[in-house]
Amino acid sequence: MSRIAYVNGRYLPLAAAGVSIQDRAFQFGDGVYEVCLVREGRLIDEARHLARLERSLAALRIAAPLGESALRVILREVVARNRVSDGLVYLQVSRGAARRDHAFPSAGVRPGLVVTAKSLDPRAGEESAAKGVAVITLPDERWAHPDIKSLQLLPNVLAKQAARQAGAFEAWFVDRNGFVTEGSSTNAWIVGPAGVLITRQADQAILRGVTRTTLLDIVASEGLALEERPFSLAEAYGAREAFLSSATAIATPVISIDGRGIGSGRPGPVARGLRAKFAAAAAQS
Ligand code: PLP
């Protein structure tokens, strides 16, 4: 079955889908995006993803391409047309196509909207969560606004590639003060020696992950001890557990950082428990 993309008002076979070479996403990375998990054909945490999209657009002063209800229809349509039961739906909004000039184009230029979807085998995620994954660390050399989910992902791309080349799943960024900020496409968590969950507060230095927010709801409802604060790389090395979160990774245990085993060297109970609770909540949503 050929895959279908939504591009600026039309549903097209992926191979025939394209945007103008003057599109500002192509020219400048001038746009924003979202990735939403699909489970049994349902969009998980959709409202939170759409709320964050609105915040990202506002931060970059890009007009919404469509109203929220129209966007929801398109997301569902792309999922259905691609027959995605388990996978993800991706959407990106660019500032539109215009003659190349760094400054914003005139108000008449309409934002561009692209939506795609792909299937992912949920067993692969379960397997890597059951085994646990390796993480490396790198200096955080990103711009000052990783809190905006913009298309400009070059440092993240380079970091993920460095992780792959090191045989690791993810790279965690470390700021100038020695504190972990987040991963190249995931948020970072540890469980300290006293059993307290620690994750950085959602300040300007990290993306406020939707999965992070949903996991924090679970943490609160379970009454788990939590500190939202920066944690150092030294604390991470000495943690009882570590894990990462994102829409597609959910909560995935980290068993080594920079080649050092974390805790028992096996996925820990807190990460496994949060992953199970997330799956249960997603199944009921
Ligand atoms: N941090 C970064 C830099 C990301 O790119 C992502 C997801 O793409 C996340 C964190 C996790 O966010 P979410 O849970 O919304 O997928």
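Worth a mention:
- Debye log10 I(q)/I(0) at q = 0.17 Å⁻¹ for the range 82-122, Cα point scatterers: -0.58
- 3J(HN,Hα) along the range 269-285: x, 5, 5, 5, x, 5, 4, 5, 5, 4, 4, 5, 5, 5, 5, 9, 6 Hz, from the Karplus curve 6.51 cos²θ - 1.76 cosθ + 1.60 with θ = phi - 60°, whole Hz, x for Gly and Pro.
- Taking every Cα-Cα distance in the range 4-120 and sorting them into 10 Å bins from zero, the calculated P(r) comes out as 14, 46, 32, 8, 0 percent.
- Distance cut-off 21 Å, percentage of C-alpha pairs in the range 102-206 lying past it: 51 percent
- Backbone N atoms of the range 48-73 closer than 19 Å to the 7 Å Cα→Cβ label point of A107 belong to residues 58-67.
- Dipole moment magnitude, nearest 20 debye, the range 125-281 about Cα centre, only Lys, Arg, Asp, Glu C-beta charged: 260 debye
- DSSP-assigned coil residues among GluC sites (Glu not before Pro) in the range 185-258, each with at most 16 further Cβ atoms within 10 Å: none
- Derived scalar couplings between HN and Hα for the range 187-202 equal 8, 10, 9, 9, 10, x, x, 8, x, 8, 6, 10, 9, 4, 4, 7 Hz in order, rounded to whole Hz, by the Karplus curve 6.51 cos²θ - 1.76 cosθ + 1.60 (θ = phi - 60°), x for Gly and Pro.
- Dimensions of the chain from C-alpha coordinates, computed as largest minus smallest value along each principal axis and given longest first, are 56, 40, 35 Å.
- Point-charge dipole on Cβ atoms (K/R +1, D/E -1) for the chain, about Cα centre, debye to 20: 700 debye
- Sorted ascending by nearby beta carbons within 10 Å, beginning with the fewest, L226, L53 become L226, L53.
- Dipole axis of the chain (+1 Lys, Arg; -1 Asp, Glu on Cβ), positive-most option in I218, S232, N156: N156
- Mean ellipticity per residue at 222 nm, deg cm²/dmol - from DSSP H runs of n ≥ 4 across the chain, formula -39500 (n - 2.57): -9500 deg cm²/dmol
- Exposure proxy ranking, count of Cβ atoms within 10 Å, fewest first, for V32, V174: V174, V32
- Long-range HN-HN contacts of I257 with modeled amide H, under 5 Å: V135, I262
Only the coordinates and a few stated rules stand behind these numbers; no lab work does. Everything numeric in this text was worked out from a predicted model, so none of it was measured. When we count neighbours, we look across all protein chains shown, and the Cβ atoms used for this are built from the backbone with ideal geometry, even at glycine.
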